[in-house]
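K.L.:
This is the structure I want to talk about, given as structure tokens.
Taken together, the values in this text are just the output of simple stated rules run on the coordinates, not laboratory data. Bear in mind that the values here come from a model prediction, so they are computed numbers and not experimental data. As a convention, Cβ positions derive from the backbone with ideal geometry for all residues, glycine included, and neighbour counts pool all protein chains shown.
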């Protein structure tokens with residue numbers, strides 16, 4: 001996902017960023033320290049999603065610094081072990097979902113305590 005890093009939070013490697021779906025925060029997991037400005041990142045949600053809701057609203061990724069992050073995306077597929085591929089904007093994010101299992105192509109929303117950002121070069 002192409003994002004713009006707008007704020008660096010001390011030495012914590014936390015960043016505030018904006019992207020195609022809103023403004024959020026995350027923890028930078030690159031080898032080099034984060035820099036202000038544009039970056040290509042892969043999103044990782046390391047926590048199990050215990051509660052999700054089916055919705056009919058636009059995709060989003062939003063959250064104020066330190067607050068839980070709201071994610072809304074479309075289920076692309078679900079593996080036998082409960083890992084779901086969720087489309088969030090142009091990216092696919094793999095998450096472990098608790099029961100019940102959503103249907104493919106269903107749009108869902110959930111909250112997470114954190115998101116990790118892994119930078120990559122094109």
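K.L.:
Please give, to one decimal in nm, the separation of the simple spin-label points placed at residue 111 and residue 83, each 7 Å out from Cα toward the Cβ.
P.N.:
So the two model labels end up 2.7 nm from each other.
K.L.:
Name the shape class, rounded, prolate or oblate, that the alpha-carbon gyration tensor gives for region 42-122, where a ≥ b ≥ c are the square roots of its eigenvalues, rounded holds for a/c under 1.5, and otherwise prolate holds if a/b is larger than b/c and oblate otherwise. Spell out each step's value before the answer.
P.N.:
Numbers: a/c = 1.42, a/b = 1.24, b/c = 1.14.
It is rounded, given that a/c, with a ≥ b ≥ c, falls under 1.5.
K.L.:
Next question. So how much slack lies between residue 11 and residue 27, counting 0.36 nm per residue of separation and subtracting their Cα-Cα distance, in nm? Present the calculation step by step, with values, prior to reporting the outcome.
P.N.:
Numbers: separation 16, 0.36 × 16 = 5.76 nm, distance 1.10 nm.
Contour length minus the Cα-Cα distance gives 4.7 nm.
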